[in-house]
Every structure is written in C-alpha cells, then in structure tokens.
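Okay, structure first, notes after.
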Amino acid sequence: MTKTTGITWAAASARRFERQFLAMPARTDTSVADVAAAMLGVHAQVLSAAELSVGLRADGVTRADVRGALWPAASPTAPPPPPSSPPSPSLVKTHGPRGTVHLLPARDLPMWCAALPAVPHGTAAPSADVRLTEEQARQVVTAIAAALDGAFLTIDELGEEVVARTGPWAGDLVMPAFQTMWPRWRQVMHRAGQCGALSFGPNRGRRVTYTRPPHFTPLPPEEASRLLVRRYLYAYGPAPPRHFARWLAAPPAWATARFAELAAAGEIEEVRFEGTPAWVTVGDTAFPDAPERHELVRGVRLLPYFDAYVIAAQPRELLFPGAAYRRALAGGQAGNFPVLLVDGVVAGVWHQRRRGRRTTVTVEPLVPLTARGERELAERVEGVGAVLEAEAELVIGEVTVGAHA
C-alpha cells in the first residue's frame, strides 16, 4: 500500500473492491450484517437482487441466510426461542437512502434513523387537499410504531390500526396510485421507515407484512449526518460532495455544507482524484500499489439490480466506459440493469429467469471475452445459482429484457 494525494481511478477502484468484498469474498466468520454495513446498505426493491448482492460477497451465504438475518423467528434453521425472548434480527428491511427499500444492519439504525430524516426533501409536496399537516404526520408515524410493535400486519391491517389510533381523516382515499386511490396516511410510510417506526416483515403468502424494528435510541441528527459522510467516504471515497449528494438524493448545497463542517473539524481531508478535488476521511490516504491494483479488480464479476457498488462508485462515466454508458444505464441512472464487470468496469448486462429449481442466466458482453474470461463467467453464474439455491445455466447472448423501473 502506498500513500498518495494524486489518486487515480485504478487506485480508487482497487480499494473500493477490497472494502466491498468484491476483490475477495468475506470470510465465513463475517456476518451478513457485516457485509451489508460494508456496502452502506443493500438496495432491496428486488429482494432476490439484495440476496445476491450480499451472497456474492460472502463465502457460503445463500438467500436463506439473508432471510434468516432479517426474520430469525421465521427462519426454518433458527432454534425455537423462549416465549419471552424472540430473536432479534441483525438485518432490517426498511426505507433507507433515497427513500428506497434497503437492508440495513440493525446495529446501524441509530445512525440511519437520525441522519435520513435530517436530509432536506427535494420533492414537491402534495396538493393541500391531499397532504398531511406536520402534526397529522407525527400522529400517523406514532400510530404506525404502536400498531407494529411486536406484530406483523398487512397493509390493510395496518391501515385499520392507523385510522383507529388517529381518526377517519387518515383513511381518506385521496392519493392517486396505480389506477386506484390510496388512503391519506400512506404518504408518510417512507418517513415511518426512515425514523425506525416501520420495517418489512416476511411475506404472508403473497402479501407483504410490516413490523417494527428493534427498539433503539437515535443519535443526535448532526452527529449522525457527520458519521454517515465518514462512512460513505470510507466505503466509496475519494468523493466530492456532489457524489455523496447524488448517492443520498440530497440537495448538493446541503451536502457541501456537511463536508465543510467535517473539514473544519479535521475529520476529512481534501485530495486530488483524477485531477479534481475530492475528500477522504482524515488519514485514510493509503491505496493499493500498482501491481496489487490489477489483481484486486482483475477478472469478471456479476452484480445484480441496484447493487450498492454500481450506484455509489463514481465518476459514473469511468465505471460505465464507452458502450456500457449507453447500454447499461437507463437515462444515466445506474442499477436498472444487472451488470457484468470485466477488470473493474461495466462491460455487459445480464438477466436471470428462474423456473422452479433452475435458473437461466443470460449474459450479454459488450467486449470480447477470452477463454479464461468465459470459464470464470461460468463459475460466477454457478455462484449466482448457489446464492439463490438453484441450478444455474449460462447462456451468452443478447439480453432482451428492458431496464427495471
């Protein structure tokens, strides 16, 4: 490892790969929550993709292990708990960065549930006849937390509880959604998730359930925001404030102010990254030596929908070079396609279609693969099958499935 202030894309990529368990899978004594913490949250809009994001980074981890960390009481491998002490989850599925569904380590909720509500909103408020007042929003979040404490409720069951605990106004059908109308209270579900009042439970058949995550004491908001910046820079730095803002869907000016506060406090320091100013946590300026950099990123890897590395690693034009920028992004947005990485950059897309215990993985490379690369790709596809507890078959050809919404 060398210390430098003139950091290249190759050096940053190698260190990010190492810290993200992409260079070498996590050891068997590394918990699922540890992997999720290193990623700074696992995007879980598609749960099977979240299971892959974790499983492909950890030896021997399958989707059952991820679900067992989320819902240990529902895990078929978990020992029956004493009646008075149900097992606590080490992972929580809830609304995380960008308001989207993530798997977050339960131990990190004091940071997330203080930092996320402190991020200014950039979206326009609903019209006056739809939106909740601030007092009504607080009442709904309190009602959600009380209703879900120790319970697993479907959306309809939760709605009945919220209306009973607040008033008929919460159940007014005023929100247009998916060719129907939703009740007024649902506009703050993401807020309830981000402040620790709501998380997702295991499905009841095909119906989603909700529960309350383990109780915790949030950090002071200012402390939580500064900690989140430092955690981000450790995982994905070097980075300027605008990259942090893009990852978090925060106003750039707000992010710039947070960076300035940490710089003034001596907690982060400025470096040169690809010739432009960027930041790392103070003293964290060691990067892999040139020969080691190649070894850390060399080879092929498959990353699923919305993988944290694909979304957070910047600059995006260097991660998605040439044809990859046109093929593997959706209007400049990362994550909408599962991607093939070759030597650390996006070089293709892929898709898997499952039928029972078998899954077909179609990979569309955008660069020629060597014989060694094709053999390694076949091994990676086997790894996808292992995580999903399926027998996987590789097909190299065009991916005809469009971008995920």
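Using the alpha-carbon atoms, what tilt in degrees (0 to 90, nearest 10) does helix 134-148 show relative to the longest principal axis of the chain? Orientation of helix 134-148: about 80 degrees from the principal axis.
Between the helical axis of 155-165 and the longest alpha-carbon principal axis of the chain there is an angle of about 40 degrees. In segment 271-405, the C-alpha radius of gyration followed by the widest Cα-Cα span (Dmax) gives 16.3, 51 angstrom.
In segment 98-178, what chymotrypsin sites (Phe, Trp or Tyr not before Pro) fall in a loop by DSSP, with at most 11 other Cβ atoms inside 10 Å?
Answer by residue number: Phe178.
Just so you know, the Rg over Rh for segment 321-396 is 0.99, from Cα atoms, with Rh as the Kirkwood radius.
Quick one: divide the alpha-carbon radius of gyration of the chain by 2.2 N^0.38 Å and tell me what you get.
Against the compact-globule rule of thumb, the ratio is 1.01.
Scanning the chain for trypsin sites (Lys or Arg not before Pro) lying in DSSP loops with no more than 10 further Cβ atoms inside 10 Å, the longest uninterrupted stretch between such sites is 1-205. Springs between alpha-carbon pairs under 10 angstrom, Gaussian network model over the chain: which of Pro291, Pro105, Pro315 fluctuates most? So, out of Pro291, Pro105, Pro315, the one fluctuating most is Pro291.
Percent of C-alpha pairs per 5 Å bin in segment 254-349, short distances first: 3, 12, 17, 18, 16, 16, 13, 5, 1.
Across every pair of different alpha-carbon atoms, what Kirkwood hydrodynamic radius in Å does segment 31-211 reach?
Numbers: mean 1/r = 0.0577 Å⁻¹.
Computed over Cα pairs of segment 31-211, the Kirkwood hydrodynamic radius comes out at 17.3 Å.
Rounded to the nearest 10 degrees, the angle from helix 252-264 to the longest Cα principal axis of the chain is 70 degrees.
Bear in mind these aren't lab numbers, they're just calculated from the coordinates by the rules spelled out. Given the structure is predicted, the values throughout are model-derived calculations rather than measurements. We place every Cβ from the backbone using ideal geometry, glycine too, and count neighbours over all the protein chains shown.
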